[in-house]
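Report on one structure; see the data block that follows.
The values are calculated or read from the model by the stated rules, or taken from the named source; none is laboratory data. Worth saying up front: this structure is predicted, and the values here are computed from it rather than measured. Note that each Cβ is placed from the backbone with ideal geometry, even for glycine, and that neighbours are counted across all protein chains shown. Heavy atoms of the whole protein, side chains included, go into the accessibility calculation; ligands, DNA and RNA do not. Shrake-Rupley method; radii C 1.70, N 1.55, O 1.52, S 1.80 Å.
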Amino acid sequence: MYPARRCSFLHRDLAALCLSSLGPAAKKQTSPKKLSLPAPRHCHTGGEGGKPQVKSRGSSPASASSIPVCLMGSSSSSRLFGTLAQTLNSAPLAQQDYDPEHQDSDQDPEGLEQADPDQLLRECEEILQNRPARPHRDLVYPVDPKRQHQYRNNEQQQTPSIRVMTWNILAQGEGKDGFVQCPLDALNWAERKYLILEEILTYRPDILCLQEVDHYYDTFQPILASLGYHSTFLPKPWSPCLEVAINNGPDGCALFYRRARFSLLHTSHLRLSAMMLPTNQVAIVQMLRCRETGQRLCVAVTHLKARSGWERLRGAQGADLLQSLKAITSRAAGSDPVSRGPGGGSGTEGVPLIVCGDFNAEPSEDVYRRFISSPLGLDSAYKLLSADGQTEPAYTTWKIRPSGESCSTLDYIWYSHGAFTVDTLLDIPTEEQIGPDRLPSYHYPSDHLSLLCDVSFREPRDQPHRLM
């Protein structure tokens, strides 16, 4: 059912990219106003009575190519992932700092053939043409009448906004997560990876934060490196993926940014603590400099502890992450005059922040309250989709498991509201678009929805004034 066809570019170069990405050693061995943007060719919104309609991507697939596929989850890659996890688990410090130049050479091999994103998107669509189209989603203006003039002015600004995307892409989803309404065939990685890549290629973020990544080295790092992204990956110290008989190593967080837009200044890998004890959750924090404005920004991605009953642990993990972010941004701001200038925060406030991830917490939880009231001045971007600008979406994940149906808001994009404005957001699909079987499904590759927004540095006149 729904046989996958080979993607010429991806499969032609993926084996070489997988090897080169491992380095020399491996070689040896509510209704906001919509923007007038063209809808992606593969998305369909028209239907009887104006209702969304899921359509097939194509009627008859072309003949399959005979190019061999790069195998996933080989024993050698699993051993490599295991070594990485052991290294993190045995580290004496909760925070590990990395040299950017060393990371560049390790993560992104030189001389890599650059891919055409339009061609890759077309090939993904061709491979997936027997699957239903992904739900159509619009980029919309935030509903905030007091600030609408600001968003319109941003359309005319010379410096383009920064597009940020976060997504829990679902690790090892082939029958191990208990999605009772999702056919096993829909979770087949050989096709599901193209649905994930299609979503990324459709929106082409400047900064991409992924969670539950267990195909970093054999898929996301080499392909996105060929599209001009720098990346880093941090596995969990112990991952449930390792319990799967044929696995691809532990899952973790990955952070990608476009080299043409940013330069890397500093990276911190954090193992989050709770009540002075290390936990199994991690975060990546990177200090970037915008090449167009010279301004610094700090980006973080994390994935907090899942399941009900662990609310106190998540609150403690959030407190630990906030404390680390305060130390990192304050230290960086104190050493950089540019960060204390317009749009970059002050020496006491620190470098402006963007924090993304799956927090596994509803807005009623303690960890959410910690972030919204933090002295770092953070706010949640997706509140701006609501009519009052203060309410989170009804859901960012919707799934059916043996224990019942779960519809929750767990994913967030936090930003420094004193330094950034949110220009546009990617809206949330309706219940009808998601479908009665919920997520994941043949038309959506994860149980979590991707979140995306465009942010801009505030102009000096737009920054809030503080009383001295």
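Close contacts from the range 116-133, counting a first residue that is crowded, with 21+ Cβ neighbours inside 10 Å and a second that is in a helix (DSSP H, G or I) and polar (S, T, N, Q), with Cβ to Cβ under 8 Å and a gap of 6+ residues or different chains, come to GLU123/SER8. Restricting attention to the range 192-236 and to residues that are of a type in the set (Lys, Arg) and closer than 26 Å to LEU353 by Cα, the residue that is most open to solvent (accessible area, probe 1.4 Å) turns out to be ARG204. Can you say whether ILE400 is more than 22 Å from LEU208 (Cα to Cα) and at pLDDT 95 or above, as far as the supplied structure shows? So ILE400 passes the test.
For the range 417-434, a tally of residues being of a type in the set (Val, Ile, Thr) and open to solvent by less than 20 Å² (accessible area, probe 1.4 Å) returns 4.
All but one of (1) of a type outside the set (Phe, Trp, Tyr); (2) at pLDDT 95 or above; (3) surrounded by fewer than 19 Cβ atoms within 10 Å (Cβ to Cβ) hold for PRO337; state the number of the condition that does not hold. Against the list (1) of a type outside the set (Phe, Trp, Tyr); (2) at pLDDT 95 or above; (3) surrounded by fewer than 19 Cβ atoms within 10 Å (Cβ to Cβ), PRO337 comes up short only on (2).
Note on the range 182-279: enclosed strands (runs of 3 or more DSSP E) holding 1 or more residues that are over 27 Å from LEU313 (Cβ atoms) and of a type in the set (Phe, Trp, Tyr) are 229-235, 252-258, 262-274. Within the range 297-318, is there a residue that is at pLDDT 95 or above, of a type in the set (D, E, K, R) and surrounded by 19 or more Cβ atoms within 10 Å (Cβ to Cβ)? So far as the range 297-318 goes, yes, one or more of its residues are at pLDDT 95 or above, of a type in the set (D, E, K, R) and surrounded by 19 or more Cβ atoms within 10 Å (Cβ to Cβ). Just checking, does the range 392-403 include any residue being farther than 18 Å from HIS448 by Cβ and among the hydrophobic types (A, V, I, L, M, F, W, C)? Checking the range 392-403: not a single residue is farther than 18 Å from HIS448 by Cβ and among the hydrophobic types (A, V, I, L, M, F, W, C). Open to solvent by 60 Å² or more (accessible area, probe 1.4 Å) and either modelled with pLDDT of 95 or more or not in a loop (DSSP other than H, G, I, E, B) (or both): does that describe ASP437? Considered against the rule, which asks whether it is open to solvent by 60 Å² or more (accessible area, probe 1.4 Å) and either modelled with pLDDT of 95 or more or not in a loop (DSSP other than H, G, I, E, B) (or both), ASP437 comes out as yes.
Among the residues of the range 237-261, the one identified as aromatic (Phe, Trp, Tyr), touching a helix residue (DSSP H, G or I) at 6+ places or on another chain (Cβ under 8 Å) and open to solvent by less than 10 Å² (accessible area, probe 1.4 Å) is PHE256. For PRO145, state whether it is of a type outside the set (Lys, Arg) and at pLDDT below 75. Considered against the rule, which asks whether it is of a type outside the set (Lys, Arg) and at pLDDT below 75, PRO145 comes out as yes.
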